[in-house]
Amino acid sequence: MLITPQKNEWEVFSTNTQLDFSTLAFVPPSNYSGIVNLTFESFSQTLSGGVAGRVYTSPTSASLFIADAAELPSFVASPAAVTGLEDAASIAFDLGAVLDKTKFTDLGETVNIEVQLASAIQIFKGSAASALVPASVSSGVATYIIPVPVKDWNSALYEGTPLKPLYSLKPGLDVASSGGTSIALADRIKIKATSVDSSGVTSQAVETTLNLNITPVADKPAAPNVLRAATTIDEAKSSCH
């Protein structure tokens, strides 16, 4: 079978086999949606007659509608744990290292990242450390929504030169993932991602969980307060009776 593309036309031909066109498939260009108009024209020829002796049918037209579809987000195979110290001023939170950027090829889409973690741990943005406002807080769990336009991937997730994560975590006082200061849901971060294309079509959601390791740190004790009581007695009364 010979397939010869030329000037938006494809010729499918076999010199010795009757072709079965029921298996013919059309694959649209990447990230294309809309209407594709096709015109079909079949022909037959003999071995002796060749191309000059072909007999053609009348053209038949058909239209294909390629529906919008948002790309399905994908996470890296083994995302690294988020680690830091109790009472730390800042813990790096690299969302860009969790998602597989190579799966996002449509620059017109936006990836909405939903982050769930203990409400005692805040998310901050940028070197100015602007606190994000949770979309909701329930039963000690805060949910944040972070939109990331695919075309602005790096600037939406990183800053500076060299690039460093734009987002960071700030644990509350005495918040740790283990030990005596541990609180519920302080040992993991749940992440859900969906893609939305320019027409508003949303992909299926995908989810993953990151390990969160906030190491307990002993607090520095205050200096002890020692109370001294001075008692003065008369020398003559110092003997015992």
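Shown in residue order for the stretch 50-63 are the 3J(HN,Hα) couplings computed by the Karplus curve 6.51 cos²θ - 1.76 cosθ + 1.60 at θ = phi - 60°: x, 4, 5, x, 5, 10, 9, 8, 6, x, 10, 9, 8, 10 Hz (x for Gly and Pro). Taking amide hydrogens as placed 1.01 Å from N in the peptide plane, the amide H of Gln122 sits under 5 Å from those of Lys170, Gly172, each at least 5 positions away in sequence or on another chain. Extension gain for Val12 to Ser90 (0.36 nm times residue separation, less C-alpha to C-alpha distance): 21.8 nm. Label zone (Asn37, point 7 Å along Cα-to-C-beta; backbone nitrogen cut-off 20 Å) within the stretch 51-66: 58-66. Between Ser199 and Leu132, the distance separating the two model label sites (each 7 Å from Cα on the Cα→Cβ line) works out to 3.0 nm.
A Cβ-based charge dipole, computed about the Cα centre of the chain with Lys and Arg at +1 and Asp and Glu at -1, lands at about 280 debye.
Residue-wise HN-Hα couplings along the stretch 201-217, as the Karplus relation 6.51 cos²θ - 1.76 cosθ + 1.60 with θ = phi - 60° gives them from phi, are 6, 10, 7, 5, 7, 10, 10, 8, 10, 9, 6, 10, 10, 9, 7, x, 10 Hz; Gly and Pro carry x.
For the chain, the relative contact order comes to 20 percent (Cα pairs under 8 Å, sequence separation of at least 6). A P(r) calculated from all alpha carbon pairs of the stretch 82-215, with 10 Å bins opening at zero, reads 12, 42, 33, 11, 1, 0 percent.
Calculated mean residue ellipticity, 222 nm, the chain: -500 deg cm²/dmol, from DSSP H runs (n ≥ 4) at -39500 (n - 2.57) each, averaged per residue and rounded to 500.
List the residues, sorted by chain then number, that are 5 or more residues from Leu99 or on another chain and whose placed amide H is less than 5 Å from its amide H. Amide H neighbours of Leu99, under 5 Å, 5+ apart: Val76. For the stretch 85-99, putting each phi into the Karplus relation 6.51 cos²θ - 1.76 cosθ + 1.60 with θ = phi - 60° gives couplings of 10, 4, 6, 5, 5, 7, 10, 4, 10, 8, 5, x, 7, 8, 8 Hz, in residue order, rounded to whole numbers and with x for Gly and Pro.
For the peptides 140-146, 51-57, 165-171, the ranking by mean Cβ contacts within 10 Å, running from highest to lowest, is 165-171, 140-146, 51-57. Within the shell defined by Cβ-Cβ distances under 15 Å, the residues around Ile66 carry a net charge of -4, with Lys and Arg each +1 and Asp and Glu each -1. Select one label from [x] 7, 33, 38, 20, 2; [y] 6, 21, 19, 12, 10, 10, 9, 6, 3, 2, 1, 1, 1, 1, 0; [z] 7, 27, 31, 21, 11, 3, 0: the one whose number is P(r) over Cα pairs in 10 Å bins from 0, in percent as derived from the coordinates shown. Calculated P(r) over Cα pairs in 10 Å bins from 0, in percent: the matching label is [y]. Take the residue pairs Lys125/Lys220; Lys170/Lys220; Lys190/Lys220 and return only those whose Cα atoms are more than 26 Å apart. Those over the limit are Lys125/Lys220; Lys190/Lys220. Mean-square fluctuations from a GNM of the chain, with a 10 angstrom spring cutoff on Cα atoms, peak among Thr215, Thr194, Thr39 at Thr39.
Projecting the Cα atoms of Gly126, Leu24, Ser42 onto the charge dipole of the chain (Cβ charges, centred on the Cα centre) puts Gly126 farthest toward the positive pole.
Just so you know, all these numbers are worked out from the coordinates, no wet-lab data involved. This is a predicted model, so every value here is computed, not measured. FYI the Cβ positions are ideal-geometry reconstructions off the backbone, even for glycines, and counts take in every protein chain you see.
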